[in-house]
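Q: What follows is a single structure, and I will ask about it in a moment.
The values are calculated or read from the model by the stated rules, or taken from the named source; none is laboratory data. Keep in mind the model is a prediction, meaning the values are calculated, not measured. Ideal geometry is used to build each Cβ from the backbone, glycine not excepted, and the neighbour counts take in all protein chains shown. Side chains included, ligands, DNA and RNA excluded: accessible areas come from the protein's heavy atoms. Shrake-Rupley method; radii C 1.70, N 1.55, O 1.52, S 1.80 Å.
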Amino acid sequence: MKKIIVSCFFISVAGNANAQNYWKKNAGKTARVILTNSTTNEKLADKGTVKFEKFAQPKENEACIFVDPDFKYQKLIGIGGAVTDAAAETFYKLPKAKQKEIIDAYYGKNGLGYTIVRTNMNSCDFSSDSYTYVEDNDTSLKSFSLAHDEKYKIPMIKEAQKSIGSSFKLYFSPWSPPAWMKSNKDMLKGGRLENQYYQTWANYYIKFIQEYEKQGLNIWGLTVQNEPMATQTWESCLYTAEEEGNFLKNNLGPTLWKNGYKDKKIMIWDHNRDLMFQRATTTLSDPETSKYASGIGYHWYEVWHNKTQLFDNVIETYRAFPDKFLAFTEGCKEVFKMSGIEDVKLGELYGKNMINDFNRGTALWTDWNVLLDETGGPNHVGNFCFAPIIGDTKTGEVHYTYEYYYIGHLSKYIKPNAHRVASSTNESGLLSTSFMNENGQLVTVIMNDSDHDTE
């Protein structure tokens with residue numbers, strides 16, 4: 001056995017007693033153990049129960065996980081993934097039976113427990129083409145139409161909504177305004193939103209929300225801009241921290257509030273962990289800007305110029321802004337190869353990131369594409385990536401990667417509104433996080449991140 005991930009959970013009746021009393025009252029109770037082990041090919045396998053026993057002061061060389069429900073931190077908003085154009089197009093190219101299987105696998109009562117859906121406003125790289133919802137130079141937005149989304153994306157989101165029920169939360173992100181609003185006159189390759197179109201672009205968000213509402217899809221939240229520091233070969237748009245703050249303060253925030261959308265959760269940044277603290281402290285330094293922002297979004301792609309993920313930036317931001325929630329809004333394994341879909345490292349990437357992000361204050365965690373095809377797309381600029389589920393549109397087969405199972409160790413058992421509670425370890429190779437669900441169920445997830453067995 002090399003590396004495993006385990007979920008343990010049991011129902012507590014201890015209330016708010018201190019930690020020693022908590023475990024004393026639960027002595028003799030059992031916890032159910034769920035295991036994923038690549039060596040034995042077990043995936044979310046129910047291993048039955050283990051009994052709680054009295055345990056004396058541990059020795060330093062005894063591997064332990066210490067859980068103390070007396071210390072409570074952030075509440076979980078939810079866990080989910082993105083329904084992009086690529087995900088939805090792939091979905092509707094698969095047989096009907098496979099479509100149902102995928103919806104059940106993510107959103108059904110025996111699925112991963114996803115409650116969050118992210119989607120793109122206008123096209124992104126994971127679209128088959130570049131598109132907007134208006135005709136060129138239509139500053140009045142009278143031509144606004146969701147015809148493009150009505151073909152694939154909206155129907156799939158509705159299927160997710162139907163299965164999720166009342167816990168469903170939908171948020172969106174723009175990758176680029178229409179080309180005619182930008183300095184480079186192109187939706188691709190960066191460029192900036194021209195000053196004269198700031199208000200037109202803010203009105204565009206309102207039209208998007210209103211038109212989705214007409215489809216029966218209420219928007220829970222939005223990010224100001226996807227990756228505002230990245231000049232990409234695909235849809236992208238640049239904002240400095242000050243520019244993002246000014247757009248939020250002077251245009252987007254007031255426009256949402258004036259249109260009765262004060263309840264929409266606005267997230268700033270929506271880019272990598274490397275600059276999240278600097279961007280948050282800069283953009284939110286103005287109280288008039290900060291009042292419109294509910295959260296701070298971030299991605300995990302800082303490894304493009306770092307050797308590892310910068311998790312400490314997450315906790316620094318959490319400490320600095322206790323009134324804002326932290327949202328992991330996107331992450332995936334890049335450079336798709338169909339031959340690699342059985343690699344356990346895909347799952348280990350997710351397990352390590354999710355556990356570390358939650359332990360540093362993250363309240364919402366959203367994977368990137370929920371589904372991609374046998375090419376890792378479709379993607380109109382060739383940026384092919386992995387997803388938890390790969391649908392082969394040529395054969396009709398559906399493949400579940402280890403990403404799916406590692407995510408499931410958290411999303412299946414940790415429910416929205418669960419409190420994260422204290423969880424620590426005395427072994428560097430063991431990662432863990434713990435949450436207390438509203439019904440008193442305590443969930444601890446443990447991942448062996450070392451290259452050897454740990455007992």
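Q: Just wondering, is there one or more residues in the range 377-387 that are outside any loop (DSSP other than H, G, I, E, B), open to solvent by 10 Å² or more (accessible area, probe 1.4 Å) and small (G, A, S)?
A: Within the range 377-387, not a single residue is outside any loop (DSSP other than H, G, I, E, B), open to solvent by 10 Å² or more (accessible area, probe 1.4 Å) and small (G, A, S).
Q: When you scan the range 219-239, how many residues do you find that are touching a Lys or Arg at 6+ places or on another chain (Cβ under 9 Å) and open to solvent by 10 Å² or more (accessible area, probe 1.4 Å)?
A: Adding up the residues that qualify gives 7.
Q: Test A293 against the criterion of being part of a loop (DSSP other than H, G, I, E, B), under 20 Å from the mean Cα position of the chain (by Cα) and among the aliphatic types (A, V, I, L, M), and give yes or no.
A: Spelling it out, A293 is indeed part of a loop (DSSP other than H, G, I, E, B), under 20 Å from the mean Cα position of the chain (by Cα) and among the aliphatic types (A, V, I, L, M).
Q: Looking at T84, is it among the β-branched types (V, I, T) and buried (at least 21 other Cβ atoms within 10 Å of the Cβ)?
A: yes
Q: Here is a list of conditions, (1) outside the structural domain of H399 (by the TED database); (2) open to solvent by 10 Å² or more (accessible area, probe 1.4 Å), and K96 meets all of them except one; can you say which number that is?
A: For K96, the exception is condition (1).
Q: With L364, L284, L326, L310 as the choices, which residue is farther than 22 Å from A241 by Cα and modelled with pLDDT of 95 or more?
A: Only one candidate qualifies: L364.
Q: Considering each residue of the range 65-110, count those that are farther than 24 Å from N359 by Cα and part of a loop (DSSP other than H, G, I, E, B), and give that number.
A: Final tally of qualifying residues: 7.
Q: On to the next question. Pairs please, first residue from the range 369-393 and over 14 Å from E330 (Cβ atoms) and at pLDDT 95 or above, second anywhere and open to solvent by 20 Å² or more (accessible area, probe 1.4 Å) and of a type in the set (G, A, S), Cβ atoms under 9 Å, 6+ apart in sequence or on different chains.
A: Partner pairs satisfying both residue conditions: G377/S128; P378/S128; N379/S128; H380/S128; H380/S130.
Q: Can you name the condition, by its number, that P69 falls short on among (1) more than 29 Å from G382 (Cα to Cα); (2) crowded, with 21+ Cβ neighbours inside 10 Å; (3) at pLDDT 95 or above?
A: Of the numbered conditions (1) more than 29 Å from G382 (Cα to Cα); (2) crowded, with 21+ Cβ neighbours inside 10 Å; (3) at pLDDT 95 or above, the odd one out for P69 is (3).
Q: Still on this model: In the range 260-294, how many residues are over 18 Å from N359 (Cβ atoms) and either in contact (Cβ under 8 Å) with a residue 60 or more places away in the chain or open to solvent by 30 Å² or more (accessible area, probe 1.4 Å) (or both)?
A: Qualifying residue count, the range 260-294: 17.
Q: Have a look at E397, E348, E374 and point out the one that is open to solvent by 40 Å² or more (accessible area, probe 1.4 Å), acidic (D, E) and not assigned by the TED database to the domain that holds I65.
A: That would be E397, the only listed residue that is open to solvent by 40 Å² or more (accessible area, probe 1.4 Å), acidic (D, E) and not assigned by the TED database to the domain that holds I65.
Q: If I ask for residues that are open to solvent by 50 Å² or more (accessible area, probe 1.4 Å) and in a helix (DSSP H, G or I), which ones from the range 298-329 would you list?
A: Selection gives V303, W304, D312, E316, Y318, R319.
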